[in-house]
Structures are given as structure tokens and as C-alpha cells.
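The values are calculated or read from the model by the stated rules, or taken from the named source; none is laboratory data. The structure presented is a predicted model; accordingly, all values stated were derived computationally and were not measured. Cβ placement follows ideal geometry from the backbone for every residue including glycine, while neighbour counts extend to all protein chains displayed. Please note that ligands, DNA and RNA were not included when accessible areas were found on the heavy atoms of the full protein model with its side chains. Shrake-Rupley method; radii C 1.70, N 1.55, O 1.52, S 1.80 Å.
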Amino acid sequence: MNRLSALLIGTLISAMGISLSAEAATGSHTAYGVEQHHHGKKPQSIKSHIPPKDDALLKKLANDTGGITYDELRTAYLQAEKKQSIIDAMNRPGEAKPWYQYRKIFIVPKRINEGREFLKTNRAIFKKAENTYHVEPEIVAAIIGVETYYGANMGNYRVLDALYTLGFHYPKRAEYFSREFANYVKLAKQQGWKHNDIKGSYAGAMGMGQFMPWSYMKWAVDFNADGHKNLFRDRYDAIGSVANYFHEHEWKHGEPVTSKVKVTSPAKVEALLSGDTKPNTTVGELRKKGVIISERYGNAVKCRLFRFQTENGWDYYIGFHNFYVITRYNKSPLYAMAVYDLSREITKPAAAPQKKPVKKPDSRKKDKVHPKHR
């Protein structure tokens, strides 16, 4: 899933009549984030030839995926277009930025304020999701806030084009994306979508929570039992599906995510900073290496040490099990920290607007009155 949720984009309205201001502002979407077709719009070009290597891969994908045929994959392939802008975007991911720049993308007043409003407006949905999946509302809201600005920006690329481009023209990730290309064709068949209608991120992620096709099929839920799994406009389904994803990846309700620490001997912990994001040590072991950690955490607690670049050096944090779960959504530690920081900010009370001081009249001064009015 969403491992590749890459700061992604589009627009939303709830299927239950809950409107979003961003949707009203852009106003060009129908159900499932589909762009409306206007008269006079030039039709998308269709290829007439498939290279033998790609044709063989389509046959293999049809056999491996199940539920779709070679002819269905072939039809989708011929409709897809290569987009160089997608390849360019993949080569400059936001997660390549240093932390102090990356954080500024997400932890800004507008996103924080809209996150508070998103939680407030959808309080009943979040409560139901928390009771069902045992994931805190602010974590789910922060995921949607980071991914799509609470549904206001779900992506402008045709998912078919994104997955075709990366699956057949981006060798270093071709195996993964070609499978997702086949999964998308299968998902579109299940949902009754036209291949060219669905729009998402440059990586092919879809909906308010930016699910990749396989994740959509595996973890999306019909949270309001209306017979559809609509992650584009149905806030029940979108919120419930993100919560379900975290539940299925063993989120632990009420447990810590991360904590800032002080490293006294960086050389002693250098080896612990490499590798994946799974907890790879304990609080006690880090203390033995000179890491100063809050006394609230016992020595046996499993964790993983991270460092984040600031404008003046490095900040160190330990990530617990729940931090690792966030990286199952997107493997970048920067992403996980941004989600956590945003979740904390949107649960803080909004600052009261400052009142301008009222200037009191100086009683020592007499009103000046024109002589003719005396």
C-alpha cells in the first residue's frame, strides 16, 4: 500500500452529502474522483502495438493475478499513455528532502486548522472507527491530511497511465508497478470503473487515503454498509479504511509513537541507524550506549533510533512499535514523523484570536473645537 503514498493529490465530496470547500472550488469531479468529460475534448490516443517483451509480461500477469484475462490487460495496456512527468516525479521524491524542509510542507497553520475542522465535522465517523479498529482519530486524520489535504487534493494523473508508465517504462520499480497495473485492471473490473476515468497520484495511489490497487482490494472497507467501497468521496469508507489498514498492521491503541532523546556518543549508535524501520534494540541497550531517554520508558521497551536533520545539526528520536506501523503506510521515517507531528498539532486547542488593544482616550487632553462652534 501506500508505502508509495508520495505526498499525493485530488478532490473530494462525501457520498453522504457532506461537502468539502475544496470540491466546491474546483468543481470538476463526479463519483470516485472521475473527471467529467466535456464536449470537444480531444480523446486519448490508443496504441496499436505491444512489444513482445511487454506482451509476454501481460500474459504472465494475467496468470499470476487471477480474476482478469490477458485480453483485459491487453485492452488496458493499449489505452494507457507513458507520461515522462511521472518518471521525473519518481526521481525526485519529497522524502529526499532534509527533515527541516520536509516538515515545513505539512506542519503549517492551514493544514493544522483544517485538520481540526476535519476531526470536528466527522466526529461520529472517527468515533465509530476508533471503536471498531482501535486507532486514535488524530492518527487517521493526520494520514489523510498528509496524503491529500483531507481529500482536497487526491491526484491529477490517470491511475492507468501512472501504473503503465512505472510498470513498463521505469525498470528499477517495474516488477512492483506492473503487478499494480494488473491489480488496477482487476479492481476497475470489480468496481465497474472505466480504466481511463480514475485519477490519483503519480505513483498510482487513489482516494483520500491514497491506497494502491492491491491495498484497495485488501484493506478498503464499506464502512457505512451502502454496498460500495468508495475511498474518493465517501468519508465513512475513507476514514474506516485507513483505520482498518492500521488495525490490520497491529497498531496498539494508547501506546507511544516516538520520543525525543539525547545522544551523547553518536559513534556508539551509528550502526543502529541503518536498515529498515523495525524496532531493532531496547531502551535499556540504548541507555548503555549513552542515550538519554525519558524515565517513563522501561529498559525492556523495544524501539529503534532515528535521527532527523535540522538546520543546526541532528535531532534524535526513538520510534516504538506504533512508529513502525506508520512506516508500513509509507516506509519513510520522515513521513512517519510528519504524520505524528500533525496528529499532535490538530488535537491541540486552537489558539484564541488575539484582540487588538483598545486605545483609551487621554483624559488630559481637551477636545479641540473650532472657534466658530464654541
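Data overview
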| quantity | calculated |
| --- | --- |
| Pair list, Cβ under 6 Å, 6 or more apart: the range 285-309 residue free of Cβ contacts under 8 Å to residues at least 12 places away in the same chain, other residue part of a loop (DSSP other than H, G, I, E, B) and buried (at least 19 other Cβ atoms within 10 Å of the Cβ) | none |
| Of residues in the range 53-110 being small (Gly, Ala, Ser) and under 30 Å from residue 194 (Cβ atoms), the one surrounded by the most Cβ atoms within 10 Å (Cβ to Cβ) | 80 |
| Residues (in contact with a Phe, Trp or Tyr (Cβ under 7 Å, 6 or more places away or on another chain), open to solvent by less than 10 Å² (accessible area, probe 1.4 Å) and either at pLDDT below 95 or of a type outside the set (Gly, Ala, Ser) (or both)) located in the range 140-159 | 140, 143, 144, 146, 150, 154, 159 |
| First in the range 114-129 and over 17 Å from residue 242 (Cα atoms), second anywhere and open to solvent by less than 70 Å² (accessible area, probe 1.4 Å) and at pLDDT 95 or above, Cβ under 6 Å, 6 or more apart | 114/150; 116/346 |
| Strands (runs of 3 or more DSSP E) enclosed by the range 248-351 - at least 1 residues per element that are open to solvent by 80 Å² or more (accessible area, probe 1.4 Å) and not charged (D, E, K, R) | 313-319 |
| Subset of the range 201-227 (residues that are in a loop (DSSP other than H, G, I, E, B) and open to solvent by less than 10 Å² (accessible area, probe 1.4 Å)) | 201, 203, 204, 205, 207, 208, 209, 210, 212, 220 |
| Residue check for residue 127: farther than 30 Å from residue 189 by Cα, charged (D, E, K, R) and surrounded by fewer than 14 Cβ atoms within 10 Å (Cβ to Cβ) | yes |
| Residue selected from the range 173-217 under the condition small (Gly, Ala, Ser) and on the phi > 0 side of the Ramachandran plot, by the criterion modelled with the lowest pLDDT | 192 |
| The range 58-104, subset modelled with pLDDT under 95 and aliphatic (A, V, I, L, M), residue nearest to residue 344 (Cα to Cα) | 96 |
